[in-house]
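No lab work stands behind these numbers, since they all come straight from the coordinates. The model shown is predicted, which means the values in this text are computed figures rather than measured ones. FYI the Cβ positions are ideal-geometry reconstructions off the backbone, even for glycines, and counts take in every protein chain you see.
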Amino acid sequence: MTDFPVDFLWGSATAAHQVEGGNTNNDWWDFEHDPATAAVESSGDGIDHFHRYREDFELLSSLGHNAHRLSLEWSRIEPAPGEFSRAALAHYRRVLTALRDEGLTAFVTLHHFTLPRWLAARGGWLAPDAGAVFARYSARVAGELGDLMPYVCTINEPQMVALHGYLEGYHPPGITNPVLWRRAGEALLGAHFDGVRAVREEASSLTGLAVQLPLLAPAHDRDEELCEVMRHEIVDRYLDGLTGPGRGDWLGVQYYRKQWVDSTSPTWFGTPPPGTPTTQMGWAVHPDGLRQMLHRAARTGLPLYVTENGIATTDDTERVAYLHSHLAAVAQALAEGVDVRGYLHWSAFDNFEWSEGYRPRFGLIAVDRTDFTRHPKPSAHAFARVAAGGRLDREGI
């Protein structure tokens, strides 16, 4: 007896700006080159996936993956308002064709954190026409590439785009304003609906939204009310907002940690209690949170895919243990009746981790950034064994 269905999708994920290299026309390039921001270094050449995608997909396929999540770089495709690059679209057609030819089911994200520089200059997601502009881009991509995109994710982690960019100031545009934080969240959810409509008009792709769902808890009794506020703004606003025929066809669940809400913290989030296992990012490891958040997401009635889950660590034995405990949580959710149809690990490769730079190591595959050679870790082979058999070894993977 297996722990996962025979048609379960197994794979990993990347994002264009984190792996391609040379994405110089977006807001993140500007942010990471501004010494006044939280960014510690430039994305630079990434891991040169822009040129090495074929060998990367071959490697992932050899490691037992049958699906892969990646994003398209909006600033390459639409370098100026309404001006679409034939060369960029042709490049992504080659990328997606290579992915298909390796037998990997494509989950294509249209917006993964980066905005074209010209849209950021007009206010980004707070620009009055942001939703219409995103719909125009989504329609063009779907019309050109829809035959190679069985699954389309409109926006990656809209609540984190809003939280990090407009409340914490940790990501572009580097704002710390509670009013604009909520306004940005509303705009991003609305843009998802705009994107779904635009894609459906041009292609038969199944559309979805990828949301990060941390397990939130109050740090102290006094923080219970604030915890409810944060849960509404980060979780409930997006899940309860997915109503009506335009909400999409599936939902991506992204889970990394348990977080404690603390009203005395400048960010409203406290540090994990002493003795809590944590990652390179300082995030609390809490596997059952994934099971709980899958149950919460299931209340939308949409089929679920785990579109990101992983650990930043330089100790790959920790990654193997993390994979086992979190895949066990997925298996338990399945046994409890939750409709989970796939698991995409974050990340395929060690890559650029936004304001943290290249220090955090999330990848199943290490990359030597002096020559860009790829080196699968033991965790990559452990993951391959689970994908091949659909079964977790009780002692580990």
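Using a Gaussian network for the chain with springs between C-alpha atoms less than 10 Å apart, which of these wobbles most: 108, 152, 320?
Answer for the Gaussian network model of the chain: 320.
At 222 nm, what helix-only mean residue ellipticity would the chain give, in deg cm²/dmol to the nearest 500, using -39500 (n - 2.57) for each DSSP H run of four or more?
When only DSSP H runs of four or more count, the value is -11500 deg cm²/dmol.
Can you name the helices of the chain, as whole DSSP H runs, whose Cα span along the helix axis is 30 Å or more and whose Kyte-Doolittle mean is not below 0.5?
None pass (Cα extent of 30 Å or more, hydropathy at least 0.5).
Spelling out what I want: for every residue of the range 349-357, take phi, set θ = phi - 60°, compute 6.51 cos²θ - 1.76 cosθ + 1.60 (Karplus), and round to whole Hz; glycine and proline get x.
10, 5, 8, 6, 10, 6, 5, 7, x
Provide the percentage of antiparallel DSSP beta bridges, counting only those with both residues in the chain; round to the nearest 5.
Just about 25 percent of them are antiparallel.
So what's the chain giving for Cα Rg divided by 2.2 N^0.38 Å, two decimals?
0.92
Where in the range 247-269 does the amide nitrogen come within less than 20 Å of the point 7 Å from the Cα of residue 220, taken along Cα to Cβ?
259-269
Let me check against my output: what whole-number percent is the relative contact order of the range 226-304, with C-alpha pairs under 8 Å and at least 6 apart?
So the answer I get is 35 percent.
Based on the mean of other beta carbon atoms within 10 Å per residue, what is the order of 11-23, 274-286, most packed first?
So the peptides 11-23, 274-286, ranked by packing, come out 11-23, 274-286.
Please report how far the C-alpha centroid of the range 369-386 lies from that of the range 276-354, rounded to the nearest whole angstrom.
19
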